[in-house]
1. What's the number of the condition L209 fails, among (1) of a type in the set (A, V, I, L, M); (2) in a loop (DSSP other than H, G, I, E, B); (3) in contact (Cβ under 8 Å) with a residue 24 or more places away in the chain?
2. Do we find that Y121 is aromatic (F, W, Y), open to solvent by 40 Å² or more (accessible area, probe 1.4 Å) and either under 21 Å from L273 (Cα atoms) or modelled with pLDDT of 90 or more (or both) in this structure?
3. Run down A283, A242, A227 and say which single residue is over 22 Å from V95 (Cα atoms), at pLDDT 90 or above and surrounded by fewer than 19 Cβ atoms within 10 Å (Cβ to Cβ).
4. Of the residues that make up segment 67-74, is at least one at pLDDT below 95, over 19 Å from H183 (Cβ atoms) and either open to solvent by 90 Å² or more (accessible area, probe 1.4 Å) or assigned to a helix (DSSP H, G or I) (or both)?
5. Can we say F83 is open to solvent by 90 Å² or more (accessible area, probe 1.4 Å), touching a residue at least 40 places away in the same chain (Cβ under 8 Å) and within 16 Å of the chain's Cα centre (by Cα)?
6. List, please: which pairs have Cβ atoms under 7 Å, are six or more places apart or on different chains, and start with a residue in segment 302-317 that is within 26 Å of H183 (Cα to Cα) and end with one that is surrounded by 10 or more Cβ atoms within 10 Å (Cβ to Cβ) and polar (S, T, N, Q)?
7. Name the one entry in Y134, Y143 that is within 25 Å of the chain's Cα centre (by Cα) and surrounded by fewer than 14 Cβ atoms within 10 Å (Cβ to Cβ).
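The values are calculated or read from the model by the stated rules, or taken from the named source; none is laboratory data. From a predicted model like this one, the values you see are computed outputs, not experimental measurements. A quick note on method: Cβ atoms are made from the backbone with ideal geometry, for glycine too, and the neighbour counts reach across all protein chains shown. To get the accessible areas, we keep the full protein, side chains included, count just its heavy atoms, and leave off ligands, DNA and RNA. Shrake-Rupley method; radii C 1.70, N 1.55, O 1.52, S 1.80 Å.
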Amino acid sequence: MRGQWSLLLGPARLCLRLLLLLGYRRRCPPLLRGLVQRWRYGKVCLRSLLYNSFGGSDTAVDAAFEPIYWLVDNVIRWFGVVFVVLVIVLTSSIVAIAYLCVLPLILRTYSVPRLCWHFFYSHWNLILIVFHYYQAITTPPGYPPQGRNDIAMVSICKKCIYPKPARTHHCSICNRCVLKMDHHCPWLNNCVGHYNHRYFFSFCFFMTLGCVYCSYGSWDLFREAYAAIEKMKQLDKNKLQAVANQTYHQTPPPTFSFRERMTHKSLVYLWFLCSSVALALGALTVWHAVLISRGETSIERHINKKERRRLQAKGRALAYPGAVTF
């Protein structure tokens, strides 16, 4: 019935519009008529440019923050090498402090079995950290094969304009699609994807263990070094007062040597750096362990969370984590 009414009302509406248009043309001057036509044409063009059937609040936010995304992508792309060098320098500084400052102290206080345990565990942990970090940097994350038609593709990349398999996402920093992409890590200067995800997680895990080991093992040394630094500050203050009021029968207070000062400051630096990295990297490691247990990546976690809400509104449930992550 509704379809019949639409068929009857359609020609009537068209005739009414034609009659109004003819009457409007007789009364309206040509100049004003041209301005009105240009105004209507401009509105049609503007609507055609802004119209998007997939548009929404997310699209508007992405469009508004596009300059910021471009700036961040380019900064991370060029500063990736700087972050890698920073990781190497900080790790090397901790190892140097352990050999030059901590080792001479524990050689005089620890027993032989305890020394052997610390020696083997610390070097085993260090070797695993170096190995997994090198593998995470040098191993490609995995890219969709090109030139092959026998692989199941689920969508077309809007930036590469090339078919991509399931769970593949485009990295704006690497400027290419990555298989099972988790994120682009600036500390690796590489994407974390299908082939190097295990190296990235292993590096985070063993680095967290190493930092916890260093911060816990150097807790007593840190307290002694911090107390010595406070004592050095007080002695420097007393030394200035003694020099100002110096007499012939007074002697200046004792001073710490340069080596002692550097040793105490290095131990405080080691404890603060290892403790802060253990907290931050430990939280990241736990988060990725939860994602791995669910079979998701960081990007898929965000996509699946929105998809679950959309399906719950319709009374449906997500079949499995990788169901819609493409």
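1. Among (1) of a type in the set (A, V, I, L, M); (2) in a loop (DSSP other than H, G, I, E, B); (3) in contact (Cβ under 8 Å) with a residue 24 or more places away in the chain, L209 violates only (2).
2. Details: aromatic (F, W, Y): yes; open to solvent by 40 Å² or more (accessible area, probe 1.4 Å): yes; either under 21 Å from L273 (Cα atoms) or modelled with pLDDT of 90 or more (or both): yes.
Against the criterion (aromatic (F, W, Y), open to solvent by 40 Å² or more (accessible area, probe 1.4 Å) and either under 21 Å from L273 (Cα atoms) or modelled with pLDDT of 90 or more (or both)), Y121 qualifies.
3. Working: A242 fails: at pLDDT 90 or above; A227 fails: at pLDDT 90 or above.
After ruling out the rest, the residue left standing is A283.
4. Step one: of segment 67-74, the residues at pLDDT below 95 are 67-74.
Next cut, over 19 Å from H183 (Cβ atoms) only: 67.
Going one step further and asking which of them are either open to solvent by 90 Å² or more (accessible area, probe 1.4 Å) or assigned to a helix (DSSP H, G or I) (or both), we end up with 67.
Yes, there is a match, as at least one residue in segment 67-74 is at pLDDT below 95, over 19 Å from H183 (Cβ atoms) and either open to solvent by 90 Å² or more (accessible area, probe 1.4 Å) or assigned to a helix (DSSP H, G or I) (or both).
5. Numbers: open to solvent by 90 Å² or more (accessible area, probe 1.4 Å): no; touching a residue at least 40 places away in the same chain (Cβ under 8 Å): yes; within 16 Å of the chain's Cα centre (by Cα): yes.
Answer is no for this residue.
6. If the second residue must be surrounded by 10 or more Cβ atoms within 10 Å (Cβ to Cβ) and polar (S, T, N, Q), the pairs left are I303/T325; N304/T325.
7. Working: Y143 fails: surrounded by fewer than 14 Cβ atoms within 10 Å (Cβ to Cβ).
It is Y134.
Yes/no per residue for (1) in contact with a His (Cβ under 6 Å, 6 or more places away or on another chain); (2) modelled with pLDDT under 95; (3) open to solvent by 20 Å² or more (accessible area, probe 1.4 Å):
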site	(1), (2), (3)
C157	yes, yes, no
I161	no, yes, yes
T168	no, yes, no
C174	no, yes, yes
L179	yes, yes, yes
H194	no, yes, yes
F205	no, no, yes
V212	no, no, yes
